[in-house]
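Quick notes on the structure that follows.
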Amino acid sequence: MRPPRPARRILARALLGAAALLPPAHAADLDAVRARGSLVWAADQEGGGPHVYADPDDPARLRGFEVELAALVAAELGVEPRFQQGQWDRLPLLLGRSADCVINGFESTPERQRDWRCSRPYYAYALQLVARRDVALDSVEGLAGEGPAGPWRVGVLTGSAAEIEMRRRGDLRVEVVGFDGTVDCLEQVRSRVIDAALMDDCIAWFNADRFPELRCVGRPFAGGTYVILTAPDTPALGAAIDDALGRLVADGRLEALYDRWDMAGRQQMLLLRDAAEVPPAPRSGLAELMRSTLPLLLRSAGMTILLSCAAFPLAVVLGLSVAVGRLHGPAWLRPALTLYVEVLRGTPLLLQLYAIFYLLPKVGLALPALAAAILGLALNYSAYESEIYRAGLKAVPPGQLEAALALGMSKWQALRHVVVPQAVRIVMPPVTSDFIALFKDTSVCSAITVVELTKRYSVLALSSGRIAELAVVTALLYLAMSWPLSLLSRWFEQRLENPAGRDRP
Amino acid sequence: MIDVLALVAVRSGTRILDGVSLGVPEGSVTTLVGPSGSGKSTLLRCLNGLEPFSGGSVTIAGHRLAAGPQPPGALERLRRDVGMVFQQFNLFPHLTVIDNVTLGPRVLGRRPADEVRAAALVLLDRVGMGRFAAARPATLSGGQQQRVAIARALAMGPRVMLFDEPTSALDPRMSAEVLDVIVELARGGQTMVVVTHDHGFARRAATQVVELASGRVQRTGTAEAILGAAG
Ligand SMILES: Nc1ncnc2c1ncn2[C@@H]1O[C@H](COP(=O)(O)OP(=O)(O)OP(=O)(O)O)[C@@H](O)[C@H]1O
Ligand SMILES: [Mg+2]
């Protein structure tokens with residue numbers, strides 16, 4: 001069983017987390033970078049090629065056109081490039097802390113122009129729709145019609161321009177599914193968990209040979225440019241990077257780089273020359289922020305509740321069955337059940353979710369993300385619940401089973417009517433506090449594209465730049481949901497300690 | 001009603017029962033006496049198959065038990081005809097008194113619920129617990145709990161009742177109220193086997209007294225013959 005975590009701690013952790021995310025007092029500007037002798041650039045290898053990815057032949061080595069770009073920029077600054085790994089949608093938060101700049105396909109958007117320092121553009125992208133060859137879809141506008149099963153399920157990289165574009169388009173009948181990596185996303189298109197994916201054109205080209213079952217649908221559209229992000233308080237570094245990019249464009253090294261990567265160098269140079277500037281977005285007031293984010297946060301809180309309330313009863317029923325099987329089942333079954341419990345307890349929930357969502361489709365069992373999340377949570381927690389129930393079943397005196405048997409009941413009847421009901425009462429407090437633990441573990445499900453409260457917070461905080469305010473609101477929402485559960489757990493405990501005095505005639 | 005033939009039970013290499021034979025006629029009251037550890041409880045629990053035995057046989061209420069594993073369902077059928085009352089009552093703490101009494105018939109019988117309930121109330125009245133029908137076991141005294149346990153066993157309409165030291169966990173006053181109930185049952189012609197240290201009860205109610213020692217029947221006879229004259 002897991003140690004119960006008091007609800008108060010969620011708030012404390014959210015606040016601490018928010019404090020850690022605030023920009024630090026001293027970011028390393030150009031002088032500090034030169035003195036250190038290295039330019040720390042941040043990217044996410046999981047985001048995939050052609051940007052930054054682990055070399056399939058030597059996974060310890062990084063490859064990608066941005067790896068080479070970072071080396072060129074660092075050389076221009078007279079320092080060594082040093083790579084820093086981070087989760088893609090959170091990379092800008094590393095600026096001034098563990099990274100000097102972010103080079104990872106970050107599109108120039110009004111919000112980024114407002115919150116960070118954006119360099120001059122280094123790549124001009126457009127969005128490309130990708131689908132299975134056997135799916136009847138021949139243009140983006142086709143997404144306005146009926147999908148294979150209800151609305152079109154379209155995968156995007158969480159926080160990317162593709163996601164913004166898909167959510168912006170009110171004319172399309174799409175359900176947007178957010179991924180942390182393009183390869184994961186394309187895998188799920190291949191195994192029909194989703195219908196299509198929208199991504200930057202260069203990513204679609206790069207993966208074309210890896211996924212022969214997929215094809216590009218229609219022409220690229222809704223373009224923009226990639227920029228290098230630096231912290232707002234390192235203006236000298238930002239300027240030096242702009243100068244470096246300027247020299248790389250002027251002397252043809254950038255064009256050569258794109259040609260090497262089969263990314264149409266000549267066309268890039270023309271597009272970059274004529275790229276329009278993106279004006280920064282205005283900063284919204286607190287009331288405006290709440291008006292635009294609270295409905296989304298509440299909806300995602302609903303998802304958190306749905307996940308918990310669907311997964312936990314399943315976990316309890318499964319766990320109880322496993323416990324009864326281990327204590328009273330046939331001898332051949334017991335080692336199998338012990339193995340079940342140990343495997344599920346001994347491996348991370350995240351890994352189990354990955355296995356269900358990404359591996360089951362390979363054997364023909366493609367579950368939608370929500371079903372996969374509920375199943376994963378239920379299986380994982382069933383192992384913990386079965387241990388609790390085992391203790392509870394053992395705590396029922398053996399005389400109870402004997403008395404039921406002596407009446408003529410079979411063992412299963414005796415368990416069902418006499419032993420299990422008592423065990424269930426005994427374990428009510430630990431089971432309730434496990435419910436609170438599961439309730440918070442639902443946030444892990446964001447790894448398989450389910451947008452629950454924590455994920456929604458993270459997306460909104462990053463897009464609005466209002467990390468602290470939204471952290472408080474999110475923490476309050478969690479508290480409002482978990483506090484009643486804590487009270488319930490305490491009430492069960494008291495009732496158990498003091499069972500007499502009730503039901504007196 | 002009960003015939004035990006050369007019963008042998010071995011636990012951890014020791015013969016706890018070492019060739020026990022005895023007969024219990026219908027409508028009679030047999031008390032089992034003997035020193036602690038002589039095998040009284042083991043013998044009683046072999047009669048309804050709660051414990052296994054390795055030799056001999058038991059015939060009880062028309063059911064026959066041989067040594068070794070029983071055919072599926074055989075023990076359940078036997079136990080419906082053989083009630084048992086335990087030293088520690090073993091009432092179901094999560095159920096009210098009336099639900100304790102009706103659980104067996106509800107799970108195992110085919111009669112309608114209101115009929116089962118009415119019959120249970122009659123039984124509770126018979127053991128003097130009618131007005132506690134809605135109470136939880138934890139709120140009752142030991143004597144009251146044991147009387148409910150008797151009603152619970154009777155609810156299955158058993159042809160034989162087995163009692164394992166039904167009053168050992170009770171103080172004398174509560175013992176007396178429980179023994180009165182058992183004596184009343186005996187007068188009504190209920191066949192029963194009672195393990196007890198209470199010689200007074202044996203003298204009041206026993207048709208025969210069987211004395212065990214080290215897993216063997218030492219003596220069998222009337223209460224006067226085995227226990228001597230009162231006082
Ligand atoms: N499962 C077992 N394993 C080992 N020894 C056992 C087992 N069950 C009973 N015994 C032993 O068998 C002997 C007889 O036990 P039993 O409970 O039948 O005696 P009893 O006559 O009912 O005694 P008491 O008057 O104390 O209740 C005791 O010595 C006991 O320790
Ligand atoms: Mg005994």
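The values are calculated or read from the model by the stated rules, or taken from the named source; none is laboratory data. Being a predicted model, the structure only gives us computed values, none of them experimental. Methodologically, a virtual Cβ is constructed for each residue, glycine included, from the backbone with ideal geometry; neighbour enumeration extends over all protein chains shown.
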Looking for whichever is in a helix (DSSP H, G or I), under 19 Å from B:Ser41 (Cβ atoms), polar (S, T, N, Q) and in contact with a Ser or Thr (Cβ under 9 Å, 6 or more places away or on another chain) here; the options are B:Gln146, B:Gln87. Which one fits?
B:Gln146
Which residues, taken from the stretch B:54-81, are at the interface with another protein chain (Cβ under 9 Å from one of its Cβ atoms) and not in a loop (DSSP other than H, G, I, E, B)?
B:Leu75, B:Glu76, B:Arg77, B:Leu78, B:Arg79, B:Arg80
Let me confirm something: among B:Arg106, B:Arg117, which residue is in a helix (DSSP H, G or I), within 12 Å of another protein chain (Cβ to nearest Cβ) and either of a type in the set (D, E, K, R) or within 16 Å of ligand 2 (Cβ to nearest atom) (or both)?
B:Arg106
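Within the stretch B:43-53, is there a residue that is touching a Lys or Arg at 6+ places or on another chain (Cβ under 9 Å), more than 8 Å from ligand 1 (Cβ to nearest atom), in contact (Cβ under 8 Å) with a residue 60 or more places away in the chain and of a type in the set (Gly, Ala, Ser)?
no
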Please count how many residues of the stretch B:120-139 are charged (D, E, K, R) and more than 11 Å from every other protein chain (Cβ to nearest Cβ).
2
Kindly establish whether B:Leu32 is at the interface with another protein chain (Cβ under 9 Å from one of its Cβ atoms), hydrophobic (A, V, I, L, M, F, W, C) and within 16 Å of ligand 1 (Cβ to nearest atom).
no
Just to verify a result, which residue in the stretch B:157-209, among those that are aliphatic (A, V, I, L, M) and within 16 Å of ligand 1 (Cβ to nearest atom), is surrounded by the fewest Cβ atoms within 10 Å (Cβ to Cβ)?
B:Ala169
Inspect all residues belonging to the stretch A:407-417 and state whether any of them is within 11 Å of chain B (Cβ to nearest Cβ), surrounded by fewer than 20 Cβ atoms within 10 Å (Cβ to Cβ), at pLDDT 90 or above and not in a helix (DSSP H, G or I).
yes
Restricting to the stretch B:1-47, what's the tally of residues that are within 13 Å of ligand 2 (Cβ to nearest atom), surrounded by fewer than 16 Cβ atoms within 10 Å (Cβ to Cβ) and of a type in the set (Ser, Thr, Tyr)?
1
Any idea which of B:Leu95, B:Leu50 is within 14 Å of ligand 2 (Cβ to nearest atom) and not β-branched (Val, Ile, Thr)?
B:Leu50
Among the residues of the stretch A:150-176, which ones are closer than 20 Å to A:Ala136 by Cα, out of contact with any Phe, Trp or Tyr (no Cβ under 6 Å at 6 or more places or on another chain) and in contact (Cβ under 8 Å) with a residue 40 or more places away in the chain?
A:Trp152, A:Arg153, A:Val154, A:Val156
Considering the stretch B:35-53 alone, what residues qualify as being within 12 Å of another protein chain (Cβ to nearest Cβ), over 25 Å from B:Ile226 (Cα atoms) and not hydrophobic (A, V, I, L, M, F, W, C)?
B:Asn48, B:Gly49, B:Glu51
The condition from (1) within 36 Å of the chain's Cα centre (by Cα); (2) away from every other protein chain (no Cβ under 13 Å); (3) surrounded by fewer than 18 Cβ atoms within 10 Å (Cβ to Cβ) that A:Arg334 misses is numbered (1)
Provide a single number: the residues in the stretch A:247-284 that are in contact (Cβ under 8 Å) with a residue 60 or more places away in the chain and not in a helix (DSSP H, G or I).
10
Subset of the stretch A:158-172, residues surrounded by 22 or more Cβ atoms within 10 Å (Cβ to Cβ) and assigned to a helix (DSSP H, G or I), comes to A:Ala161, A:Ala162, A:Glu163, A:Met166
Within the stretch B:149-167, residues within 14 Å of chain A (Cβ to nearest Cβ), part of a loop (DSSP other than H, G, I, E, B) and within 16 Å of ligand 2 (Cβ to nearest atom) come out as B:Glu165, B:Pro166
Any residue at all in the stretch B:209-219 that is free of Cβ contacts under 8 Å to residues at least 60 places away in the same chain, away from chain A (no Cβ under 14 Å), in a strand (DSSP E or B) and away from ligand 2 (no atom under 16 Å from the Cβ)?
yes
Taking the stretch B:82-97 and the residues there that are more than 8 Å from every other protein chain (Cβ to nearest Cβ) and surrounded by fewer than 22 Cβ atoms within 10 Å (Cβ to Cβ), the one that is nearest to ligand 1 (Cβ to nearest atom) would be B:Gln87
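Given the criteria within 16 Å of ligand 1 (Cβ to nearest atom) and farther than 20 Å from B:Val183 by Cα, does B:Asn100 qualify?
no
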